[in-house]
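We did not get these values from a lab; they are worked out from the coordinates using the rules stated. Small disclaimer: the values here were computed from a predicted structure and weren't measured. As a convention, Cβ positions derive from the backbone with ideal geometry for all residues, glycine included, and neighbour counts pool all protein chains shown.
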Protein chains: 2
Amino acid sequence: MSDTSSLDALIQALRRLPGVGVKSAQRMAFHLLQHDRAGAQVLSQALAQAATQVRHCERCHTFTEGAVCETCLDPARDATRLCVVETPADQAAMERTAAFKGLYFVLMGRLSPLDGVGPRDIGVHNLLERASDGVVQEVILATSFTAEGEATAHAIGEALKRRGVHVTRLARGVPVGSELEYVDLGTIAHALADRR
Amino acid sequence: MSDTSSLDALIQALRRLPGVGVKSAQRMAFHLLQHDRAGAQVLSQALAQAATQVRHCERCHTFTEGAVCETCLDPARDATRLCVVETPADQAAMERTAAFKGLYFVLMGRLSPLDGVGPRDIGVHNLLERASDGVVQEVILATSFTAEGEATAHAIGEALKRRGVHVTRLARGVPVGSELEYVDLGTIAHALADRR
């Protein structure tokens with residue numbers, strides 16, 4: 001319908017969001033136009049603002065609006081430990097534990113040959129340089145425990161070890177609060193092998 | 001983190017979309033900023049454009065950019081039949097059947113006392129006026145077959161009948177292509193009662 005081209009354009013644009021199909025996009029567009037036009041304006045401005053203002057930290061590659069992010073600039077952090085995570089969301093999860101006081105390197109992805117994501121896309125070269133700067137004494141690999149996350153950790157770990165860097169990986173084991181009966185076999189086998 | 005206020009604002013704004021929680025919003029923001037900044041700009045402009053340009057048709061209340069929508073302006077449509085639907089998406093579904101050549105009245109919602117949606121919010125007064133204009137000979141109630149949709153159809157139907165308008169409702173029955181064994185009991189009971 002040519003007299004609703006703005007609506008059609010909005011539905012098409014919403015479909016670019018991950019996990020949003022045509023039905024969800026229609027529902028979102030209807031909701032915004034019928035019940036929350038202010039929300040549409042707020043979202044429009046937030047998108048334009050973020051798309052122009054947010055860039056990558058020169059040191060750790062996470063999202064930031066300055067040249068270097070606040071975590072990297074914080075003098076209270078332990079610069080000898082470098083934690084490698086896949087995304088800013090993973091970094092935020094680590095931060096919420098309050099158990100890590102070192103610095104981060106955010107890959108902004110993971111190795112995924114099928115999706116055409118190679119070492120260059122996740123900044124492996126920069127990570128190797130950073131880890132060999134003489135300050136970093138330990139690199140903690142905190143990529144996901146999925147097939148791609150494990151492959152990424154393995155590739156990065158091997159490259160770092162070749163340069164003589166001390167590399168560790170987050171422990172695999174039984175999650176806190178879980179009953180053994182309901183834990184999957186692979187996890188129990190790993191927990192048994194890594195018993196201490 | 002104060003140096004990612006644009007990112008935080010974007011995540012908060014995305015959460016205003018229906019069905020989007022904090023995890024989905026983070027994933028959407030990450031996707032747009034890391035993989036599709038052009039998409040973020042396109043969506044930003046589409047939102048601003050739609051929020052300012054799209055309004056309601058004066059005759060049928062559907063979304064349009066003119067004063068009256070193209071369907072209402074089409075002289076080839078049968079003005080004696082008026083189909084009442086809940087949303088523009090429902091109207092689009094009716095149109096795709098190519099089985100209806102009359103005009104529409106779009107409620108832009110349904111009666112829902114729990115959500116504070118009353119007759120005024122869905123334009124019942126305008127519908128009653130429209131149906132009594134001497135041109136409309138039949139009003140086809142095509143609201144959803146949910147509890148709220150049925151209640152809406154009942155309330156509108158009663159009001160129209162009191163004004164002497166001929167009112168019909170979409171047939172309830174067994175969906176095309178379905179095996180009787182897997183059809184729910186309520187549907188079979190209705191199909192039996194309405195057999196012809």
For this session: Could you pull the copy-to-copy label distances for B:Ala171, with points set 7 Å along Cα to Cβ, in nm to one decimal and sorted shortest first?
Result: 6.8
Exercise. Please state the equivalent ellipsoid semi-axes for the range B:79-169: what are the square roots of 5 times the Cα gyration tensor eigenvalues, largest first, in whole Å?
Worked result: 19, 17, 11
Seminar exercise, completed: Row for the range B:1-124, column shape: gyration tensor on C-alpha, a ≥ b ≥ c, rounded if a/c < 1.5 i.e. under 1.5, prolate if a/b over b/c, else oblate; value prolate
Exercise. Applying the Karplus parametrisation 6.51 cos²θ - 1.76 cosθ + 1.60 with θ = phi - 60° to the phi angles of the range A:15-20, what ³J(HN,Hα) value in whole Hz is obtained for each residue in order, glycine and proline being reported as x?
Worked result: 5, 6, 6, x, x, 10
Exercise. What list of ³J(HN,Hα) values in whole Hz, one per residue of the range A:145-151 in order, does the Karplus curve 6.51 cos²θ - 1.76 cosθ + 1.60 (θ = phi - 60°) give from phi, with Gly and Pro shown as x?
Worked result: 9, 9, 4, 5, x, 5, 4
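Counting other beta carbons within 10 Å of each residue's own, what order do B:Leu185, A:Leu111 fall into, fewest first? If you can, show how the numbers build up before the last one.
Working: B:Leu185 7, A:Leu111 22.
The most exposed by this proxy come first: B:Leu185, A:Leu111.
Just check the range B:32-71 against the gyration tensor rule for me: Cα atoms, a ≥ b ≥ c as the square roots of the eigenvalues, rounded for a/c under 1.5, and otherwise prolate or oblate depending on whether a/b exceeds b/c.
prolate
Just to verify a number: FRET efficiency for A:Gln34 and A:Ser112, C-beta to C-beta distance, R0 = 56 Å, to 0.05?
On the way: r = 39 Å, r/R0 = 0.70.
In this case the efficiency is close to 0.90.
Pop the C-beta distance of A:Thr187 and B:Ala151 into the FRET formula with R0 = 51 Å and round what comes out to the nearest 0.05.
Details: r = 50 Å, r/R0 = 0.98.
About 0.55, to the nearest 0.05.
For A:Cys83, B:Cys72, what ranking results if the residue with the fewest other Cβ atoms within 10 Å of its Cβ goes first?
On the way: A:Cys83 22, B:Cys72 19.
Ranked by crowding around the Cβ, least crowded first: B:Cys72, A:Cys83.
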Seminar exercise, completed: One finds, for A:Arg172 and A:Val68 with R0 = 22 angstrom and r their Cβ-Cβ distance, a FRET efficiency to the nearest 0.05 of 0.10
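Average partner chain C-beta neighbours within 10 Å, per residue of B:14-25?
On the way: counts 5, 2, 11, 14, 8, 6, 5, 0, 0, 1, 4, 1.
That average works out to 5.
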For this session: Go ahead and set up a Gaussian network model of chain A, Cα springs under 10 Å, then flag whichever of A:Gly66, A:Gly149, A:Gly186 fluctuates most.
Result: A:Gly186
Exercise. For the range A:128-141, what does the Karplus curve 6.51 cos²θ - 1.76 cosθ + 1.60, with θ = phi - 60°, yield as ³J(HN,Hα) per residue in whole Hz, taken in order and with x for Gly and Pro?
Worked result: 4, 4, 4, 6, 9, 7, x, 8, 5, 10, 8, 10, 9, 7
For this session: Could you tell me which of rounded, prolate or oblate describes the range A:6-53, using a ≥ b ≥ c as the square roots of the eigenvalues of the alpha-carbon gyration tensor, with rounded for a/c under 1.5 and, failing that, prolate when a/b is larger than b/c and oblate otherwise?
Result: oblate
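Under the definition of partner shielding as Cβ atoms of other protein chains within 10 Å of a residue Cβ, what is the mean value for peptide B:82-94?
Numbers: counts 0, 0, 0, 0, 0, 4, 8, 5, 0, 1, 3, 0, 0.
Other-chain Cβ atoms within 10 Å of each residue's Cβ, averaged: 2.
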Exercise. Which chain A residue comes nearest the axis with its C-beta when you rotate A onto B, and by how many angstrom?
Worked result: A:Ser44, 2
Seminar exercise, completed: Comparing A:Thr52, A:Thr80, A:Thr62 in a Gaussian network model of chain A (Cα, 10 Å), the one with the largest mean-square fluctuation is A:Thr52
Exercise. Amide H to amide H, which residues 5 or more places from B:Val117 or on other chains are under 5 Å from it, using H placed in the peptide plane?
Worked result: B:Ser112
Exercise. From the label point of A:Val22, set 7 Å along Cα to the beta carbon, how far off in nm is each other copy's matching point, shortest first?
Worked result: 3.5
Problem set entry | For chain A, built as a Gaussian network whose Cα springs stay under 10 Å, the top-fluctuating residue of A:Lys101, A:Lys161, A:Lys23 | A:Lys23
For this session: Ignore the peptide's own chain and count Cβ atoms of other chains within 10 Å of each Cβ in B:106-113; give me the average, rounded.
Result: 1
Problem set entry | Interchain or long-range residues, amide H under 5 Å from B:Arg169's placed H | B:Leu141
Seminar exercise, completed: The answer for A:Phe105, listing residues at least 5 apart or on another chain whose modeled amide H is closer than 5 Å to its amide H, is A:Cys83, A:Val84, A:Val85
Seminar exercise, completed: In whole percent, the Cα-Cα distances of the protein assembly as shown spread across 20 Å bins from 0 upward as 22, 39, 27, 12, 0
